[in-house]
Amino acid sequence: MKITDFRLQHFEVGEKPPLQLAAPGLDDRFWMTAKVPGDVHSTLIERRIIEHPYFGHNDIKCRWIEQKEWWYRAQFDYEVHEGQGERHELIFEGLDTFATIFVNGLEIGTAENMHRIYAFDVTKVVRPGKNAIAVRFDPLHLHHQDKEQFQWSSYTKERPWLRKAAMNFGWDWGPRMVTVGIWGGVRLERRRAAKLGSVFVQTLSAGKEEAALKVAVDTVAYHKQAQLTAEIKLFTREGEVVASAGLSVKGGREASAELAVKQPQLWWSHDLGEPYLYELEVELFADGEQVDSYRKPCGIRTIELQLEDEAGNPAFAFLLNGVKLFAKGSNWIPADSFIGAVKDKRYTDLIELAVDSNMNMLRIWAGGIYEKDIFYEECDRLGVLVWQDFAFANALFPDFNRNFMENVKQEAIDNVKRLRNHPSLALWCGNNEIDWLYDMKSAGGDITCPFYGESIYHELLPEVLEQYDSSRPYWPSSPYGGNDANDPDVGDRHNWQVWHGSVYPRKFGEAPLLDYSIEGVTFKNYKKDFTLFSSEFGMHASANRYTLERFIPEGEFYWGSVEMAHRNKDTNHQKGILLMEGYTGIPQNIEEYMNFSMLTQAEGLKYGIEHYRRNKHRTSGSLVWQHNDSWPGTSWSLIDYELLPKASFYYAKKFYHPLLLSLDYEPGQPLRVWAVNDRLEAYEGEVLFQCYALDGSLLYEQSFDVSLPPNTAVQIGELTEAEVLSGAAPEQVIVKLSAPQWDAPDNYYYLRDHLELSLPESTLAATFNEKEQSVTVAASGAAARLVKIAVLQGNVRFSDNYFDLLPGESVTVTLQQADGQPLRSKTLEVSALNAGKAELHFN
């Protein structure tokens, strides 16, 4: 039984006696109604009690919410069958954060961890007919104000003792928004005799002819004399039973059976095959009577983390069903600052966009949450692997405190057991950047205390995983490995030389250095990085105009305004200026800022990721920081808060495509042409190199006959700059790579940075087809740089955007409003950096 209808009210701390507010007969009709799952902020926004915190500086105006005591109350009708030995359990899937729970005026327990599931036996307190639940949430300061403060906790010193999403206290991409409330579902479960504690299915082997699965079942028995048995069945998508087994089980003990599946359909990431899902059913019987059941999708697949290649060299590569893959993806942060109120559709949209941009992996970053079930269900369905951080980010944590460690242990157990059956889950990781930053801050003199928290990542979490999920790899931290946790030669790496100006190389014990200069932060530094796996890297770009204008007060939407600065939570705004100064030049107005920052981010990520992919014999993955936004700000995201992709997203559709044509080139150097194949089949065909003047005239053409083996990167040719230019100036040409016989996207290159180009004026023509929901764009006069199609509307998907067009070329782009709303086609605009707005025709 789900319980969703609650009422909400706040009080000063201690203003009212708890038993008075928890009393089942309390008259709460003057309290406000509240959605559950949800949170206090979202309720106050919906009831128009506070202005939306994302608009202007309103986030600062709602800090008072943190200081209050908040009460939720619900009433429900319930039927109790006396004398039938029933057990009744009240389950909260998410309480944020310090809560005391009452049922019918009786205190049944407390909660102190946002990341845990809490279950309470309420058999003795529920009654036939009307029942009442009350939940009191304390302000956080009551639970940390008397605790030790550590020398290091990024963004705020209060959070190490609080098991709550770190990003709630503010991060360098989002505001402080300290939420409170019932952020997960609430349900009342009725059981007789026994229940399933958990079901764990793991793939022992997966071959073409047969796969072996192990299904472990643990149960809770309410009566020791009950004879418990379990029936296990594996169904195909069509409902056919392909394997089954019976088990005799004992309450409190785990029992397991192996299933043999003939000619199995394996689960693959979407780029390598079909993410096929079976259905696993487990039915529990007590003395022959069915008392509980489990039925959920499951996938047959193996996952390994290769730390040494066939030649014995260090590696960091994922092997899916024995196939070494190049992980292409991004880092996921919570989909909104108001985590409890995020709708499932937002998760589906964001993960579908990941697939649309050819990503095969998402990393759930440690400063958020262990995501909701819908996230993993969608990754299972769509074939996206998940790198899962445990929720420890950028701070010291009190591992010397027994109560804290027991809380953390239960948090880990809850989430490991909840998530371990998802085939998409590829890796558990202990923390974000803590091992690396502890050493740097110690070397720099910022930290002189012991490494508080170290035993969590290197002892407690491995022990929990050994007991509850040894089926997939564990990695202690990200980055981790080598002589400096950010060593390119061992483990994974975060490249923050680009954007943050970190000076590499560095070794353990050396004080960190920063270089805030054009050369220090430029994305050209990516080519110096021969990492084994790049799990974090990126640079800022503006959100789209619609997203910014919607949340900025009238008259404040201009380059350099205080309100625009408030959108950027990074520590030094000069970094973005330096990056643009080196590549596009410094913007002079808001339009140039949006365009220049997007172009710099897109071209920079293309530059780095194409380099990583050309080196796939050594580098096995790139996860961009970051995938999404939790509020409408300026950040590293590829997709802004209104689910409008930035230019970098559309570039990613090409630089993450399984077949990539790329050019390895620096001014004055040879032009090396490469082909990368991430698929499992070989390709034969012609790759065409063409160099055009910006007016569209062909200056040079060369074709290469290519034999491209599976899962490899090959240099297919080398040309000199002089022969390619054919007497033209390098700032006046554009290079096109294409493979007419393959589905590889065309790839365009300018031979000089944008600020050096001599771009003539281009003219655009655009026609919108209402029936087809498409727009056809053509360029004339000169190549059009960064053609942008914009609609003043959120959650619009384009088949392509932010692309270049040679004169005489045309492209038809389809548009889709992902929320199903009519497209505001009258607000459609088409422009380019070197072209004014196109005259738009409708037909």
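The values are calculated or read from the model by the stated rules, or taken from the named source; none is laboratory data. It should be emphasised that the depicted structure is a prediction, and the values quoted were computed from it without experimental measurement. When we count neighbours, we look across all protein chains shown, and the Cβ atoms used for this are built from the backbone with ideal geometry, even at glycine.
For region 675-696, how many residues meet the condition of being surrounded by fewer than 21 Cβ atoms within 10 Å (Cβ to Cβ), closer than 30 Å to Leu272 by Cα and either among the charged types (D, E, K, R) or in contact with a Gly (Cβ under 9 Å, 6 or more places away or on another chain) (or both)? Number of matching residues: 5. If the condition is being of a type in the set (A, V, I, L, M) and either in a loop (DSSP other than H, G, I, E, B) or touching a His at 6+ places or on another chain (Cβ under 7 Å) (or both), then region 25-64 contributes Leu26, Val36, Ile45, Ile49, Ile50. With respect to the conditions (1) out of contact with any Phe, Trp or Tyr (no Cβ under 6 Å at 6 or more places or on another chain); (2) on the phi > 0 side of the Ramachandran plot; (3) without any contact (Cβ under 8 Å) to a residue 40 or more places away in the chain, Asn711 lacks only one, and its number is (3). Under 7 Å between Cβ atoms, at least 6 apart or on separate chains: pull out the pairs that start in region 24-52 with a residue that is within 15 Å of Ala132 (Cβ to Cβ) and end on any residue that is small (Gly, Ala, Ser) and not in a loop (DSSP other than H, G, I, E, B). Close Cβ pairs satisfying both conditions: Pro24/Ala132.
Please verify whether Leu461 is buried (at least 19 other Cβ atoms within 10 Å of the Cβ), in contact (Cβ under 8 Å) with a residue 12 or more places away in the chain and of a type in the set (A, V, I, L, M), treating the condition exactly as stated. Spelling it out, Leu461 is indeed buried (at least 19 other Cβ atoms within 10 Å of the Cβ), in contact (Cβ under 8 Å) with a residue 12 or more places away in the chain and of a type in the set (A, V, I, L, M). For Trp428, the conditions (1) surrounded by fewer than 19 Cβ atoms within 10 Å (Cβ to Cβ); (2) touching a strand residue (DSSP E or B) at 6+ places or on another chain (Cβ under 7 Å); (3) of a type in the set (Phe, Trp, Tyr) all hold with the exception of (1). If the condition is being surrounded by fewer than 20 Cβ atoms within 10 Å (Cβ to Cβ), touching a helix residue (DSSP H, G or I) at 6+ places or on another chain (Cβ under 6 Å) and part of a loop (DSSP other than H, G, I, E, B), then region 747-760 contributes Arg752, Asp753, Ser758. Within the option set Val791, Val733, being closer than 21 Å to Lys654 by Cβ and either among the aliphatic types (A, V, I, L, M) or not assigned by TED's automatic domain parsing to the domain that holds Asp629 (or both) holds for one residue only, Val733.
For region 790-803, the set of residues classified as surrounded by fewer than 22 Cβ atoms within 10 Å (Cβ to Cβ) and part of a strand (DSSP E or B) consists of Ala790, Arg797, Phe798, listed by residue number. Scanning region 37-48 for residues that are touching a helix residue (DSSP H, G or I) at 6+ places or on another chain (Cβ under 8 Å) and farther than 25 Å from Lys569 by Cα, which turns out surrounded by the most Cβ atoms within 10 Å (Cβ to Cβ)? The selected residue is Gly38. For region 220-236, the criterion of being in contact (Cβ under 8 Å) with a residue 60 or more places away in the chain, surrounded by fewer than 21 Cβ atoms within 10 Å (Cβ to Cβ) and of a type in the set (Ser, Thr, Tyr) is met by at least one residue.
If you filter region 137-190 down to residues that are in contact (Cβ under 8 Å) with a residue 40 or more places away in the chain and among the acidic types (Asp, Glu), you find that the one that is nearest to Met114 (Cα to Cα) is Asp138.
Being in the same structural domain as Tyr370 (by TED's automatic domain parsing), under 27 Å from Trp636 (Cβ atoms) and free of Cβ contacts under 8 Å to residues at least 24 places away in the same chain narrows it down to one of Ser424, Ser478, Ser502, Ser470, so name that one. Write out each step before concluding.
Values: Ser424 fails: free of Cβ contacts under 8 Å to residues at least 24 places away in the same chain; Ser478 fails: free of Cβ contacts under 8 Å to residues at least 24 places away in the same chain; Ser470 fails: under 27 Å from Trp636 (Cβ atoms).
The conditions single out Ser502.
Kindly list, by first and then second residue, each pair from a residue in region 555-566 that is on the phi < 0 side of the Ramachandran plot and free of Cβ contacts under 8 Å to residues at least 60 places away in the same chain to a residue that is aromatic (Phe, Trp, Tyr) and surrounded by 15 or more Cβ atoms within 10 Å (Cβ to Cβ), limited to pairs with Cβ atoms under 6 Å and residues at least 6 apart or on different chains. Taking only residues 6 or more apart or on different chains, the pairs are Trp559/Tyr593.
What are the residues in region 246-256 that are small (Gly, Ala, Ser) and either exposed (fewer than 14 other Cβ atoms within 10 Å of the Cβ) or more than 21 Å from Leu204 (Cα to Cα) (or both), if any?
Gly246, Ser248, Gly251, Gly252
The residues on offer are Leu362, Leu307, Leu319, Leu353, and the sole one that is of a type in the set (A, V, I, L, M) and in a helix (DSSP H, G or I) is Leu353. I'm trying to understand the selection: among the residues of region 697-716, which are surrounded by fewer than 17 Cβ atoms within 10 Å (Cβ to Cβ) and small (Gly, Ala, Ser)? Once the filter is applied, which keeps residues that are surrounded by fewer than 17 Cβ atoms within 10 Å (Cβ to Cβ) and small (Gly, Ala, Ser), region 697-716 yields Ser697, Ser703, Ser707. Residue check: is Leu605 crowded, with 22+ Cβ neighbours inside 10 Å, in a helix (DSSP H, G or I), touching a residue at least 60 places away in the same chain (Cβ under 8 Å) and within 20 Å of the chain's Cα centre (by Cα)? Judged against the criteria, Leu605 is a match.
The residues listed here are Thr179, Thr203; of these, the one that is closer than 30 Å to Leu8 by Cα and not acidic (Asp, Glu) is Thr179.
Scanning region 65-76 finds no residues that are within 19 Å of Val126 (Cβ to Cβ) and not in a strand (DSSP E or B).
Residues of region 377-429 that are aromatic (Phe, Trp, Tyr) and farther than 21 Å from Ser478 by Cα: Phe400, Phe404.
The residues of region 257-294 that are farther than 17 Å from Thr203 by Cα and either part of a strand (DSSP E or B) or in contact with a Lys or Arg (Cβ under 6 Å, 6 or more places away or on another chain) (or both), listed by number, are Glu283, Leu284, Phe285, Ala286, Glu289, Gln290, Val291, Asp292, Ser293, Tyr294. For region 151-169, the criterion of a residue being under 30 Å from Asp292 (Cβ atoms), of a type outside the set (Phe, Trp, Tyr) and within 27 Å of the chain's Cα centre (by Cα) is satisfied by at least one position. Does at least one position in region 261-269 carry a residue that is of a type in the set (Ser, Thr, Tyr) and surrounded by 14 or more Cβ atoms within 10 Å (Cβ to Cβ)? Yes: one or more hits. Of all residues in region 138-145, none satisfies being in contact with a helix residue (DSSP H, G or I) (Cβ under 9 Å, 6 or more places away or on another chain) and outside the structural domain of Phe92 (by TED's automatic domain parsing). Looking at region 709-761 only, could you name the residues that are touching a Leu at 6+ places or on another chain (Cβ under 7 Å) and of a type in the set (Val, Ile, Thr)? Correct list: Val714, Val724, Val733, Ile734, Val735. Output the residue which, of all residues in region 761-789 that are among the hydroxyl-bearing types (Ser, Thr, Tyr) and in a strand (DSSP E or B), is farthest from Gln821 (Cα to Cα). Among those residues, the one meeting the criterion is Ser780. When Asp138 is tested against the conditions (1) surrounded by fewer than 17 Cβ atoms within 10 Å (Cβ to Cβ); (2) over 25 Å from Arg190 (Cα atoms); (3) of a type in the set (D, E, K, R), the lone failure is (1).
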